[in-house]
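Okay, so here's the structure we're looking at.
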Amino acid sequence: MMRTLYLDCVSGISGDMLLAALVDAGADLDYVKRELLKLPIDDFELWVDTVDKQGITAKKLQIRLPEALDHHHGHGHDHGHSHGHDHGHSHGHDHGHSHGHSHGHSHGHSHGHSHGHSHGHSHGHSHGHSHGHGHEHGHEHGHEHGHEHGHEHGHEHGHGHEHGHEHGHGPLHTHHHHEHRKAATILEMIRESELPERVKVRSLTIFKEIAEAEGKIHGIHPSEVHFHEVGAMDSIIDTIGICLALEDLGVDQLFASPVPTGYGKMRMAHGLYPIPAPATAELLTGIPLARSHSEGELTTPTGAGVLKALVTQFGPLQNFTVEKIGYGAGTKDFAVPNVIRVLLGEAIGSEPVRETIHVLEAQLDDCTAESLGYVMERLLEAGALDAYFTGVQMKKNRPGTLLTVLCLPELSNRLEEILLFETTTFGVRQSVWTRRILDREFAESQTSYGTVRVKIGKLGNKVVQTTPEYEDVARLARENRVPFLEVYREALIENKKTR
C-alpha cells in the first residue's frame, strides 16, 4: 500500500494554507527550514501560529523577510501573488496568500495607504515594503494578475505567537533594487540544489505548470515569466516547503476533492477581472470544480499548481484508512471554515489509477523530412507527452508518414492547431485513450564517475522499472571519456545495492 495524502479542499487551496496543514498533520517544520536554508535565497523567518476558524483549530503559516522589514514601520504585511506588472497596492483576496508570480517587470513601489487592517498579527506572509510614507504595503496572498493599482482589502483576524525563526542566506534576490527573476532562474536553482531528489522533481513540476499557465496568459515563453523579488521568495518557500513537508511525511501519492474557486470580480489596473483569475483558470483545466460557497478568490495559482502537478486522482474520499489529519487556515472568514484539511493514510483496495490522454494523428505524403523534424520539436515544446513517426503506405502507392501525438486533454486543441498550421495535412484525427502508468520515484546512484539520477517505476510497492537519466549518463560519459553503457550499467548496479 502506498502512503497517500488526501486534500480536502473545503474552502479552496493556496500554498501557505497547504504547508500549514501539512505541519499540523505532523510534518517537521524544522526539517523544512533546514532544507530551505540550503538554497541561495534571502533571509527569512518561518513559523506557524494556531488560529480558530469557525470553531476549528488550525495552523496559520507566517513568513517574514527581515531585510524587507528593516525599511518598514508598520505591523504585519500580507503579501500577494503579483502576477503582472505590480505598480501599486496589493488586492488581498480571501485567503491572503502569496504566490508572487510577477509576469513582467514589477516595480511594486506602493505609495498609498493599505486598507488591510492587521490586528496585531500578520496572517499572510509578511513582506511589505514601506517607501518613506510609514504606511503598510501589504502584499496579500490574493493574486495580482495585472498592473495592480488598487488597495488591499484583506482584514486579518487571528492570534498566535512567533516562534522558531530561521534565517537563510544567499544572493538570489536583492531587496534594494527590486530585481526580477525569470522562472528559468528559479528552476535552475532547484536543479542545482542539494534538496532530496523527489522534492526537486515535485518542485520543478509545480513551477513549470505555473510558468506555462502564466506564459500562455501573457503571451510569452514560460522561461521568460518573471517573478517579483518578494513574490518569488513567497513562491519558493511555499512551493518547495510543501514538497519538503510531503517528503518528511513520506507521501507517495496525492488525491484531492473537487475544488471551489470562488466567484465574483477583483479589481486590476485594467479593470475588473473574473474569479478565478486567468492563470488559475488555466491551471484548473481538467480538474473537477466544486460549487463555491463564498464570493472572492478561494483558490490561488500556487494551490492550483499543486493540484495540477501532483494530484493523480480527484473525487470523494473512499477506501481510505486515515492516520493523521491536519488543518491549514486562510486569512478571511466565511460561512464555511476557511481551511484546507489534509488526511494522511493508506488507500486500500482502490482500483488502479488510470490517466486520460488524447491521441492526435495525421497521415502525410507530401511533407519534407526537415519540416517533420521541426514539427516534432514544436509539439514537444508545447507540452506533448510523446510524438513519433510511423512509415505507412498510402493511396496511389505513395510512401508516407503517420504522425502520432500523445497529450493531456487540456493541450489537445493547441497541439492540433500546430499540426494544422505546420504540416500539409487537411485534417487531424483525435481519439481519447486511458493509460495506466507506474508510480514514479527518483533516486541517486553514486557511481565511480559521479552521481546519476535514476527513475524508478513501481507497481504498488514492487519496483518493476529502473532507468538512469540519459542526460546525467551522457554528461559523465563525456567528462570521463568512457563508454555511455559503462556509466549506465554502473548506475543500475549501484541503485540495486541501495534498495
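Under 1.5 on a/c is rounded, so check that first for the stretch 186-329, then, if it is not, pick prolate when a/b is larger than b/c and oblate when it is not; a ≥ b ≥ c are the square roots of the alpha carbon gyration tensor eigenvalues. Provide the component values of the computation, followed by the final result.
Values: a/c = 1.93, a/b = 1.09, b/c = 1.77.
Oblate shape, in that a/c is at least 1.5 and b/c is the bigger or equal ratio.
For Asp386 and Ala290, what is the calculated FRET efficiency with R₀ set at 45 Å and r taken between the beta-carbons, to the nearest 0.05?
Numbers: r = 32 Å, r/R0 = 0.72.
About 0.90, to the nearest 0.05.
When the charge dipole of the stretch 439-498 is built from unit charges on Cβ atoms (+1 for Lys and Arg, -1 for Asp and Glu) and taken about the Cα centre, the candidate among Gly460, Pro483, Gly450 whose Cα reaches farthest toward its positive end is Gly460.
Going by accessible surface with a 1.4 Å probe and the largest first, Leu289, Leu360 read Leu289, Leu360.
For the stretch 371-421 versus the stretch 278-322, the spacing of their alpha-carbon centroids is 31 Å.
Phi angles of the stretch 23-37 translate, via the Karplus equation with coefficients 6.51, -1.76, 1.60 and θ = phi - 60°, into HN-Hα couplings of 5, 5, 7, x, 5, 7, 5, 5, 4, 4, 5, 4, 5, 5, 5 Hz per residue; Gly and Pro are given as x. The length gained by stretching the chain between Thr356 and Met2 to full extension, at 0.36 nm per residue less their Cα-Cα distance, is 125.3 nm.
Under 5 Å from the amide H of Cys9 lie the amide H atoms of Ser257, each residue being 5 or more positions distant or on a separate chain, with H modelled from the backbone and absent for Pro and chain starts. Computed from point charges on the beta carbon alone (+1 for Lys and Arg, -1 for Asp and Glu), the dipole magnitude for the stretch 355-435 about its Cα centre is near 380 Debye. Taking all protein chains together, Leu22, Leu29 sort by accessible area into Leu29, Leu22, largest first [probe 1.4 Å]. Summing Lys and Arg as +1 and Asp and Glu as -1 over all other residues whose Cβ lies under 9 Å from the Cβ of Thr447 gives a net charge of -2. Close amide-amide hydrogen proximity is noted between Thr447 and Val452, each under 5 Å apart and 5 or more residues distant or on a separate chain (H modeled in the peptide plane; Pro and chain starts excluded).
Sorted largest first by accessible area at a 1.4 angstrom probe radius, with every protein chain in place, the residues Tyr470, Tyr6, Tyr388 fall in the order Tyr470, Tyr388, Tyr6.
Couplings 3J(HN,Hα) of the stretch 356-367, computed from phi: 8, 10, 9, 10, 9, 9, 8, 9, 10, 10, 9, 10 Hz, in residue order, whole Hz [Karplus 6.51 cos²θ - 1.76 cosθ + 1.60, θ = phi - 60°; x for Gly and Pro].
Return one whole number: the accessible area per residue of the stretch 439-498 in Å², for a 1.4 Å probe. Show your work: numbers first, answer last.
On the way: 3810 Å² over 60 residues.
Value returned for the stretch 439-498: 63 Å² of accessible area per residue.
Checked against a 20 Å cut-off, the cross-linked pairs Lys324/Lys458; Lys216/Lys455; Lys33/Lys200; Lys200/Lys455; Lys33/Lys59; Lys59/Lys265 give Cα-Cα distances beyond that limit for Lys324/Lys458; Lys216/Lys455; Lys59/Lys265. When you count the other C-beta atoms within 10 angstrom of each residue and take the mean per peptide, 216-222, 12-18 line up highest first as 12-18, 216-222.
Peptide packing for 389-396, 50-57, 365-372 was compared via the average number of neighbouring C-beta atoms within 10 Å per residue; ordered from the highest value, the list is 50-57, 365-372, 389-396.
Between Arg489 and Val432, 0.36 nm times their residue separation minus their Cα-Cα distance comes to what? Walk me through the numbers on the way to the answer.
Details: separation 57, 0.36 × 57 = 20.52 nm, distance 3.75 nm.
Taking 0.36 nm per residue and subtracting the Cα distance, the gain is 16.8 nm.
Taking amide H positions as modeled 1.01 Å from N, with prolines and chain starts lacking one, the residues under 5 Å from Lys182 and 5 or more places away or on another chain are Phe227.
The values are calculated or read from the model by the stated rules, or taken from the named source; none is laboratory data. Because the structure is a prediction, the values reported are computed rather than measured. We place every Cβ from the backbone using ideal geometry, glycine too, and count neighbours over all the protein chains shown. The protein model used for the area step is the full one, side chains on, heavy atoms only, and it has no ligands, DNA or RNA in it. Shrake-Rupley method; radii C 1.70, N 1.55, O 1.52, S 1.80 Å.
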